[in-house]
Amino acid sequence: MASMMAETVEYLAKGLVDKPDEVRVEEHEDDGRIVVRLDVAEEDWGKVIGKNGRIATALRSMLKVAAVREDVRASLEIGD
């Protein structure tokens, strides 16, 4: 079952991309931190990163808000 953090990232990413069916969100624990990995279609990478990384920064901020609510540390990885 996906956490609220993964569900939040997936929901936001699907709203940004042209191919929402290709959005994949996985999460795993690494050294006491939850790592949420976001994969999208190659042509949608720019949409989830944004100019100067602004969209990626916003996604990471939203992830941190969800992590605080779950009382855990979390980070977001996008693509490869």
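Considering only the chain, give the helices (runs of 4 or more DSSP H) lying wholly within it that have at least 2 residues that are within 9 Å of the chain's Cα centre (by Cα) and on the phi < 0 side of the Ramachandran plot.
Numbers: elements: 4-16, 45-49, 54-70.
The helices (runs of 4 or more DSSP H) meeting that bar are 4-16, 54-70.
Tell me, please, whether a residue that is exposed (fewer than 14 other Cβ atoms within 10 Å of the Cβ) and small (Gly, Ala, Ser) can be found in the range 31-39. Step through it out loud before you land on a result.
Going through the range 31-39, the residues exposed (fewer than 14 other Cβ atoms within 10 Å of the Cβ) turn out to be 31-33.
Going one step further and asking which of them are small (Gly, Ala, Ser), we end up with 32.
Checked against the condition, which is being exposed (fewer than 14 other Cβ atoms within 10 Å of the Cβ) and small (Gly, Ala, Ser), the range 31-39 yields at least one hit.
Please go through (1) out of contact with any helix residue (DSSP H, G or I) (no Cβ under 6 Å at 6 or more places or on another chain); (2) farther than 15 Å from Glu7 by Cα; (3) aliphatic (A, V, I, L, M) for Ile49 and return the number of the only condition it doesn't satisfy.
With (1) out of contact with any helix residue (DSSP H, G or I) (no Cβ under 6 Å at 6 or more places or on another chain); (2) farther than 15 Å from Glu7 by Cα; (3) aliphatic (A, V, I, L, M) applied to Ile49, the lone miss is (1).
We did not get these values from a lab; they are worked out from the coordinates using the rules stated. Quick caveat, the model's predicted, so the values are computed rather than measured. Cβ coordinates were reconstructed from backbone atoms using ideal geometry, including for glycine residues, and neighbour counts include every protein chain displayed.
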